[in-house]
């Protein structure tokens, strides 16, 4: 795959042109933008979380693409994908991913999902066991508690009333670990910039979908191996939440990434990529 040089996503060589290394799949409900990388090895489906885009996987993708084929979508409502007014749901996003895999010729994959996309890929694995051979929720959770639901409900209202500028600092405080805030100002600035690019109405609708997340009933149907990755400095879904998720999944293991918070693939891409490759190498 082409080496990083210029462009908004440093993983893609060439100008900041949405046609470079990117494809839009026309599926029911509107086009979904995705990127591909790598040409050999198992397929990884890399799915960003709320307010993100496929571009967030750039650093990890640069490490994973020599040994894996990567498919990296923008979820509906995000990035360069279709942004209807809503409503959105975990079920709808999982259906999008299944349709995207079919359009991209993916018959078998390891599904990696960050934050709320952890629930999305678990739903995908439950509904499409023939497609998903392994699942990696990153800072994942099956449902929010009352405090989390209230926080996200308030965030959705604030995004509608004030735009993304009104919520971005609160998101950054919870998403990135203290080590990242203290030592990686360029990364903090990059995540801030990406969040500010969201369309507030679509972001608010997607946030309300996070409030409604509940895949607990689906977990018993996830029969494939699972790797639960989280940052040691995780605030959104810390160790007790990860331990509870592990207990509900019959074939799960935990991996903590030091020096990272809710987004270890961004904060510590080397350690994250190593954990993923070890897990993939051990799949039957």
Could you pull out which residues in the stretch 47-81 have an amide N less than 14 Å from a spot 7 Å beyond the Cα of residue 40, following the Cα-Cβ vector?
-> 65-69
Gained length - residue 67 relative to residue 235, 0.36 nm times residue gap less alpha-carbon distance | 57.3 nm
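With viscosity set to 0.692 mPa s at 37 °C, what whole-number translational diffusion coefficient in µm²/s follows for the chain from Stokes-Einstein and a Kirkwood radius over Cα pairs?
Estimated diffusion coefficient is 178 µm²/s.
Taking 8 Å as the Cα distance limit and 6 or more residues as the minimum spacing, I'd like the relative contact order of the stretch 197-284 as a percentage.
26
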Computed Kirkwood radius, in angstrom, where 1/r is averaged over Cα pairs of the stretch 40-165 = 15.3
Sticking with the crude label model, points 7 Å out along Cα→Cβ, report the distance from residue 182 to residue 199 in nm, one decimal please.
-> 4.1
Gain upon complete extension [residue 248, residue 173; 0.36 nm per residue less C-alpha separation] | 24.1 nm
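If the stretch 238-284 were replaced by its equivalent ellipsoid, with semi-axes equal to the square roots of 5 times the Cα gyration tensor eigenvalues, what would those be, largest first, whole Å?
19, 17, 6
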Run the numbers on the chain and let me know its relative contact order in percent, using alpha-carbon pairs under 8 Å that are six or more apart.
-> 18
What translational D, rounded to a whole number of µm²/s, comes out for the stretch 92-134 from Stokes-Einstein when the hydrodynamic radius is the Kirkwood one over Cα pairs, at 37 °C and 0.692 mPa s?
-> 326
Rounded FRET efficiency, nearest 0.05, which uses the C-beta distance separating residue 151 from residue 91 and R0 of 22 Å = 0.45
For the stretch 156-258, evaluate the Debye formula with one uniform point scatterer on each Cα (no solvent term) and list log10 I(q)/I(0) at q = 0.13, 0.19, 0.23, 0.25 Å⁻¹, rounded to two decimals.
-> -0.64, -1.06, -1.15, -1.20
How large are Rg and Dmax for the stretch 183-235 when only the alpha carbon atoms are used, in Å?
-> 16.2, 41
The stretch 58-110: Rg to Rh, with Rh as the Kirkwood radius over Cα pairs = 1.02
Rounded to a whole number, what is D in µm²/s for the stretch 161-200 from Stokes-Einstein with the Kirkwood radius over alpha-carbon pairs (20 °C, 1.002 mPa s)?
-> 205
Here, the stretch 106-199 modelled as identical Cα point scatterers in vacuum has Debye log10 I(q)/I(0) at q = 0.22 Å⁻¹ of -1.11
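Residue separation times 0.36 nm, minus the C-alpha to C-alpha distance between residue 220 and residue 128: what's the value? Don't skip to the end; give the middle numbers.
Details: separation 92, 0.36 × 92 = 33.12 nm, distance 1.34 nm.
Between residue 220 and residue 128, full extension yields 31.8 nm more.
Values in this text are rule-based calculations from the coordinates and carry no lab data. The model shown is predicted, which means the values in this text are computed figures rather than measured ones. Positions of Cβ are backbone-derived with ideal geometry, glycine not excepted, and every protein chain shown enters the neighbour counts.
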